[in-house]
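S.K.: Quick one: the structure is below, questions incoming.
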Amino acid sequence: MAEIGAEIGTKARGSVSIENLGKVYGAVEKAGVVALDHCSLAIAPNEFIALVGPSGCGKSTLANILAGFDQPNTGSVSLDGQIIASPSVLAKPGPDRVMVFQHGALFPWMTILDNVLYGATRSAAPHSDDLRASALDLLRRSGGLNRVAARFPGQVSSGMQRRIEIVRALMTDPAILILDEPFRAMDSIAKSRMHNHVLALHESVPKTTVFITHDLQEALLLADRVVVMTTRPGRIKQIVEVDLPRPRTTEVLASEKFLALKAATHQAVHDEALKAFEAGEKERA
Amino acid sequence: MSAQPLLSVRNLRWAPPGETEPVLNGTTLDLKEGSLSVLIGPSGCGKSTLGYLIAGYYEAAEGEVRIDGKPVREPRPDRLMVFQESALWPWMSVLDNVVFGPLSRREAPRREIEAQAKALLEEFGLSAFANRYPHQLSGGMKRRVDLAQAVINQPRLLILDEPFRGLDVMTRELMQEYFLGLFEGRGQTTLFISSEVEEAVFLADEVLVMDQQGLIAQRLPVTLPRPRTSAMTDTHEFQKAQVDLLHALEAVQAETEGPQSQAVLT
Amino acid sequence: MVFLPNAGKRLSWRRGGTAILLFVALWALVAHSPFIAEGSLPNPWETVAYFLAEFLTDSGYWQSWWVSFQRVAYGFLAAQLLGIPLGLLLGLSRRANAIVFPVFELLRPIPPLAWVPLSILFWPTTESSIVFITTVGAFFIIVMNVLYGIHGIPKQYLWQAKSLGARRSSVFLRIILPAILPSIVAGMVLGIAVTWNVLIAAEMIASDSGLGRLTWEGYVSATPAVVIVGMASIGLAGVISTTLIHLFERYALRWRSE
């Protein structure tokens, strides 16, 4: 983690400290929906964190607060020692924390390279051949995407679109990368390839990453630590250290260690899913 | 083993009207009574098409489909399909959707059929929703009504076309457990179309891997015991079957794409 | 920020009221501006005063409302009664489509008002020819909407019904008809607007009664206040009939999500 950052010579940044974070939607005094309750978590620079939990467990709320789209009612988030979210700090998205969404937002009228460059030129100062070169380099590292750089987003698969978005996000050199279920709509084969690409990219361009998912297996496969969240009110239920060696590939799925990790976490996740499901059914009745 | 398979598909060939490139290029397949087979393959390989042909919605250019030895020529209630996009009629209540089949065939008095439908909804945890319209239900509920709408007709063969696609992974897992309960309780012969490796291994007696020609390239038996529970997905056997299936799929995909294009096209 | 009209949500009364007040103020301003010839455009309160004095208790005025509404109702209903079956026929029968559709496509581009001379020659009374023209206005829209509706039915809806053993009549009545109802209603919403358009023009050209005629007479007698009252009445009549259609829509399509 930290040592990988040192290896490529960048100053270790992207250390996140989440303290006692809480978020209630609707009026507090009228017992609004508690989306997030007393969440505390320290994320090391370049660490890959996966947040797992059922719908409505507050993982998206947490991500939105991290990204600056939403403001907490209690607690704070600091990034490299600076408070970026608290009840008194106005929520503000910025290029140092970029979010990639489930349904992408590439500009269909720009080529893939232009899309990626746009991510950078909006915020970073240098605008040059160097920038083009580094964009192409990042694309290449994301599974050879440099070969389609001149195409338009509509001409490539949805898996590639998601990867291009990740590259675009990385172009601003953010301190945190937030991925909100980016592979949800994909089938197994596409997803498994995406997993390998993301693992390789994270290992070659390490970044503090917060990955949101419903899928425990995906979380264990990708992350350094998996944070299991409870259904409403959203609390941290369990934190699992994933001590599987890197570099990783999907081959690790068959290893004894992976199995042990999954067995240790599965029940907790399943219980929360069931609770959320039953609450959802009751709500509609 | 019974002498005659419940479903028998022989050399099935089908191309979309006006096109020469076949989607299915000689598919052959047998299903035993009481089995749960999962059909999986790269997207666009013809999984749904095969389902439509078996259900009788499409007409084969060559080859044939037989159910209980009788050739399939048209849609009939003994082979029902649950579609990827819920096909509940939005203008009918949940109950009206479920009773539509038996009522259309005038098999029994309305009251009897409705009682049967209500019992089924109860079993699926939906009794409170009998008088709702489909749009008032969650995705997971709709999928259970879809199942009830088919199961009440006691079809010989149930074809499910990626029924849980689009649901989040957790809800999907719970739906799979619901479905397993249904299958294991009734021995409902099922062809389950999927694009999810985990789902395929969790449900199947046998996974059928389809290649880009629409042929069954590989049959992988799954020997996990029944009734299945989600705890079984933490076993070595499950995990290994999953990786094996992933490899089989990669092989099927690589075959048509070639190693060069693989990196670029995903 | 981009302005996105929030369709479906109603504007608040306060905002709506403010907008109308602003419009009235603008009207007053224009009426008194030096670019407008003296007396050619009455200001809002002159108009209201004129309305109260000349029209409110005048049975002839209310007769115009009644006559126009009747014509719209007849024309609109006739268009539905003829258009929906024809749309179904064209959409469901390939043979009927092959025979009728070319003729239909030839007649469709003809503007409804181009039918005025022929219909006056053809129909025995002015009343019937005006209703006919109004019908023409909505008829083509309805037919096209039913056609689109049929083409838009998800194939699974029909497959499922056949699989479950439904008879043809049941597929038609319980699946096809409800499935195209949203398209029919969409056709009604468009159709009612066109019906009013056509009716007013037809009344100005060919009739001696109705709101269109009333407005035209204001012009002929050089009484701008009458023109304005006529126009406002037509606007209000349009709003009333559209509201009725929307009420029907809310009832008939209550099974749809918001």
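Laboratory data are not the source of any read-out in this text; all were calculated from the coordinates shown. In this text the structure is predicted, and so the values were computed from the model without any measurement. Quick reminder, even Gly has a Cβ in these numbers, built from the backbone with ideal geometry, and neighbours come from all protein chains shown.
S.K.: Just counting partner chain Cβ atoms within 10 Å, what average do the residues of peptide B:194-203 show around their Cβ?
M.R.: Other-chain Cβ atoms within 10 Å of each residue's Cβ, averaged: 3.
S.K.: Taking 56 Å as R0, compute the FRET efficiency from the Cβ-Cβ separation of residue C:32 and residue C:103 and round it to 0.05.
M.R.: Between residue C:32 and residue C:103 the formula returns 0.55.
S.K.: On C-alpha positions alone, give me the angle between the axis of helix B:169-186 and the longest principal axis of chain B, in degrees, nearest 10.
M.R.: Tilt relative to chain B: about 70 degrees.
S.K.: Which of these, C:12, C:170, C:209, has the largest mean-square fluctuation under a Gaussian network model of chain C (Cα springs below 10 Å)?
M.R.: Taking springs between Cα atoms under 10 Å, the residue moving most is C:12.
S.K.: Taking only DSSP H segments of four or more residues, each worth -39500 (n - 2.57), what value at 222 nm results for chain B once the sum is divided by all its residues, to the nearest 500 deg cm²/dmol?
M.R.: -12500 deg cm²/dmol
S.K.: Could I ask something else about it? Compute the separation of the alpha-carbon centres of the range C:15-83 and the range C:185-250 and state it in Å as a whole number.
M.R.: Spelled out, the Cα-based centre of one part sits 10 Å from the other.
S.K.: Mean-square fluctuation check for chain A, GNM, Cα pairs under 10 Å: which of A:35, A:264, A:223 is largest?
M.R.: Largest GNM mean-square fluctuation: A:264.
S.K.: Rounded if a/c is under 1.5, else prolate if a/b is larger than b/c, else oblate: which is the range C:161-217, with a ≥ b ≥ c the root eigenvalues of its Cα gyration tensor?
M.R.: prolate
S.K.: Then there's this: Sorted from fewest to most neighbouring beta carbons within 10 Å, what does the list A:88, A:142, A:78, A:204 look like?
M.R.: Working: A:88 8, A:142 21, A:78 16, A:204 13.
If I rank by nearby Cβ atoms, fewest first, I get A:88, A:204, A:78, A:142.
S.K.: If you don't mind, another one. Please report the projected area of chain A's Cα convex hull averaged over all directions, in nm².
M.R.: On the way: hull surface 63.4 nm².
Taking the Cα atoms of chain A, their convex hull projects to 15.8 nm² on average.
S.K.: Let me ask something additional. Under the classification rounded if a/c is under 1.5, otherwise prolate if a/b is larger than b/c and oblate if not, where does the protein assembly as shown fall, given a ≥ b ≥ c as square roots of the Cα gyration tensor eigenvalues?
M.R.: Because a/c hits 1.5 or more and a/b fails to exceed b/c, the protein assembly as shown counts as oblate.
S.K.: Across peptide B:236-245, what mean number of C-beta atoms from other chains lies inside 10 Å of a residue's C-beta?
M.R.: The per-residue average across the peptide is 3.
S.K.: So, one more: Taking R0 as 51 Å, what FRET efficiency do you get between residue B:119 and residue C:121 from their Cβ-Cβ distance, rounded to the nearest 0.05?
M.R.: Using R0 = 51 Å, I get an efficiency of 0.15.
S.K.: To the nearest 10 degrees, how steeply does helix A:256-284 sit against the main Cα axis of chain A, on a 0 to 90 scale?
M.R.: Helix A:256-284 sits roughly 60 degrees off the main axis of chain A.
S.K.: If you don't mind, another one. In degrees between 0 and 90, to the nearest 10, how far off the longest principal axis of chain C does helix C:13-31 point, with axes built from Cα atoms?
M.R.: The angle comes out at about 50 degrees.
S.K.: With a/c under 1.5 counting as rounded, go ahead and sort the range B:53-196 into rounded, prolate or oblate using the C-alpha gyration tensor (a ≥ b ≥ c being the square roots of the eigenvalues; past the cut-off, prolate if a/b is larger than b/c, else oblate). Numbers along the way, then the final one.
M.R.: On the way: a/c = 1.73, a/b = 1.22, b/c = 1.42.
Taking the square roots of the gyration eigenvalues as a ≥ b ≥ c, the range B:53-196 is oblate.
S.K.: Cut-off under 26 Å on the C-alpha distance; same-chain residues fewer than 8 positions from residue B:32 excluded. Which lysines are left, in chain and number order?
M.R.: Within the straight-line limit of under 26 Å, residue B:32 reaches these lysines: B:47, B:70, B:240, C:162.
S.K.: Now for a different question. For chain C, what does -39500 (n - 2.57) per DSSP helix run (n ≥ 4), summed and divided by total residues, give at 222 nm, in deg cm²/dmol to the nearest 500?
M.R.: My calculation for chain C gives -24500 deg cm²/dmol from helical runs alone.
S.K.: Same structure, new question: Considering chain C as a Gaussian network with a 10 Å cut-off on Cα pairs, which listed residue, C:91, C:187, C:60, attains the greatest mean-square fluctuation?
M.R.: Of C:91, C:187, C:60, the Gaussian network model singles out C:60 as fluctuating most.
S.K.: Mind jotting down the distance between the C-alpha centroids of the range A:179-231 and the range C:113-142, whole Å?
M.R.: Cα centroid to Cα centroid, the span is 66 Å.
S.K.: Let me ask something additional. Suppose a student asked you for the relative contact order of the range A:158-285, using Cα pairs under 8 Å spaced at least 6 residues apart; what percent would you report? Numbers along the way, then the final one.
M.R.: Values: 115 pairs, mean separation 27.4, N = 128.
Over the range A:158-285, the number comes to 21 percent.
S.K.: Please report how far the C-alpha centroid of the range A:152-167 lies from that of the range A:62-83, rounded to the nearest whole angstrom.
M.R.: Centre-to-centre (Cα) distance: 29 Å.
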